[in-house]
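Shown next, in structure tokens, is the structure this report addresses.
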Amino acid sequence: MTEVAFHFNAPDKLAYACRFARKALKHGARVVVTGGAAELQALDRMMWALGPTDFVAHALADADPDVVAASPVLLAVQPLSVAMRDVLLNLGSQLPSGFEQFEKVIEVVSASDEQDRQSARTRWRQYAAQGYEIVRHDLVLKENA
């Protein structure tokens with residue numbers, strides 16, 4: 001069964017996605033990041049602007065097929081449009097379509113956007129209603145530890 005985790009209190013969801021992807025790559029995982037098109041475009045620009053030691057090799061899912069095949073991190077509005085199924089990082093407000101086909105789903109929740117927090121609560125209830133055990137990670141507690 002897919003492992004579901006909520007990462008709460010992200011001060012900046014896009015910056016967190018960059019850090020998460022970099023860490024996942026160090027552990028050999030391939031990551032699909034999903035969300036709205038504008039959000040993924042902004043994440044793409046942010047990832048390209050990272051310094052050389054922080055760079056995250058990535059591609060938009062609609063890029064050239066050779067680039068997509070070689071990229072360990074894909075940014076996809078429709079996560080099932082890509083072949084990899086390791087980790088799905090959701091920046092969006094809806095339950096990602098086909099999430100159950102991934103080994104892990106990470107839901108990133110803002111620290112300050114109340115609408116984002118409300119939609120996260122809805123997604124939590126949807127996962128729980130389908131019988132998924134949910135792991136909770138409070139990013140504020142981790143930073144202060």
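Each residue in segment 127-145 was checked for being surrounded by 12 or more Cβ atoms within 10 Å (Cβ to Cβ), in a helix (DSSP H, G or I) and over 15 Å from the mean Cα position of the chain (by Cα), and 3 of them qualify.
When Glu107 is tested against (1) of a type in the set (Asp, Glu); (2) closer than 17 Å to Leu25 by Cα; (3) surrounded by 21 or more Cβ atoms within 10 Å (Cβ to Cβ), exactly one condition is not met: (2).
Condition check: farther than 21 Å from Gln78 by Cα and acidic (Asp, Glu). Does Asp54 satisfy that? The answer is yes for Asp54. Taking (1) in a loop (DSSP other than H, G, I, E, B); (2) farther than 22 Å from Val140 by Cβ; (3) in contact with a helix residue (DSSP H, G or I) (Cβ under 8 Å, 6 or more places away or on another chain) in turn, Met47 satisfies each apart from (1). For Pro52, the criteria (1) at pLDDT below 95; (2) under 23 Å from Ala129 (Cα atoms) hold in every case but one, which is (2).
Whether any residue in segment 33-50 is touching an Asp or Glu at 6+ places or on another chain (Cβ under 7 Å) and in contact (Cβ under 8 Å) with a residue 12 or more places away in the chain is what I want to check. The answer is no; no qualifying residue exists.
Exactly one residue among Ala76, Ala70 is small (Gly, Ala, Ser), buried (at least 19 other Cβ atoms within 10 Å of the Cβ) and in contact with a strand residue (DSSP E or B) (Cβ under 9 Å, 6 or more places away or on another chain), and that residue is Ala76.
The conditions of being under 13 Å from the mean Cα position of the chain (by Cα), within 16 Å of His7 (Cβ to Cβ) and surrounded by 15 or more Cβ atoms within 10 Å (Cβ to Cβ) are met by Leu91.
Of all residues in segment 1-56, those that are among the β-branched types (Val, Ile, Thr) and surrounded by fewer than 20 Cβ atoms within 10 Å (Cβ to Cβ) total 2. When Arg117, Arg123, Arg85 are screened for being surrounded by 12 or more Cβ atoms within 10 Å (Cβ to Cβ), assigned to a loop (DSSP other than H, G, I, E, B) and charged (D, E, K, R), only Arg85 passes. Here Glu103, Glu107 are screened, and the one residue that is farther than 15 Å from Ala15 by Cα, touching a residue at least 24 places away in the same chain (Cβ under 8 Å) and acidic (Asp, Glu) is Glu103.
Counting only residues that are of a type in the set (A, V, I, L, M, F, W, C) and either within 10 Å of the chain's Cα centre (by Cα) or more than 14 Å from Asn90 (Cα to Cα) (or both), segment 6-30 holds 8 of them.
The values are calculated or read from the model by the stated rules, or taken from the named source; none is laboratory data. No experiment lies behind these values; they were computed from the predicted model shown. Backbone-built Cβ (ideal geometry, glycine too); neighbour counts: all protein chains shown.
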